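Before any comments, here is the structure.
Where a number appears in this text, it was derived from the coordinates with a stated rule and is not lab data. As the structure is a prediction and not an experimental result, all values here were calculated from the model. For neighbour counting, all protein chains shown are included, and Cβ atoms are generated from backbone atoms with ideal geometry for every residue, glycine included.
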């Protein structure tokens with residue numbers, strides 16, 4: 001019988017487990033080649049002098065089964081900050097038990113407590129199970145928005161005025 005789920009904020013000592021889960025997410029999304037994050041880098045961003053991200057881990061007893069990682073963004077139209085969920089992941093062996101929903105509810109409560117105007121995230125267009133899951137929770141998948149990204153050499157060229 002599965003043990004009760006506990007969701008709690010990440011602690012410094014959780015960083016190695018969190019990196020393992022991020023690796024699982026990269027594998028699921030077929031993006032392993034982009035996974036260069038380390039436990040030390042994650043720790044610096046979560047617990048450094050000016051933390052820029054937050055994370056929560058889902059635990060089933062002593063076993064970590066999922067995570068959510070987020071940061072605050074800002075809506076100029078609402079004039080309020082929001083929570084942007086960067087990643088949500090539940091181990092394949094632990095799916096279907098409500099853990100993803102529990103992590104999203106945790107963040108929705110956090111957004112309400114912090115007075116956020118919205119809670120948002122992106123989903124890959126091929127991830128039909130996730131899209132259905134999010135829509136069933138009341139999320140609106142916005143059809144007219146596309147993510148823009150500049151990284152690596154393109155970022156350097158833009159910064160130097162060559163882009």
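Of note:
- Within the range 18-163, percent of DSSP bridges classed antiparallel, to nearest 5: 85
- Label assignment, volume of the Cα convex hull per residue in Å³ derived from the structure, set (i) 121; (ii) 157; (iii) 174: (ii)
- Distance from the C-alpha centroid of the range 1-73 to that of the range 98-154: 17 Å, rounded to the whole angstrom.
- The label point for residue 81 and the one for residue 20, both projected 7 Å from the Cα toward the Cβ, are 3.2 nm apart.
- Candidates 136, 44, 58: whichever shows maximal mean-square fluctuation once the chain is modelled as a Gaussian network with Cα springs under 10 Å: 136
- In the elastic network of the chain, a GNM with C-alpha springs shorter than 10 Å, the most mobile of 153, 14, 87 is 153.
- Taking 0.36 nm per residue of sequence separation and removing the Cα-Cα distance, the residue 40/residue 140 pair yields an extension gain of 32.5 nm.
- Approximate spin-label separation residue 52-residue 124, in nm, with each point projected 7 Å along Cα-to-Cβ: 2.4
- Helical runs (DSSP H, four residues minimum) scored at -39500 (n - 2.57) apiece and divided by the length of the chain put the mean residue ellipticity at 222 nm at -10000 deg cm²/dmol.
- Of the residues 89, 67, 77, the one that moves most in a GNM of the chain with alpha-carbon contacts below 10 Å is 77.
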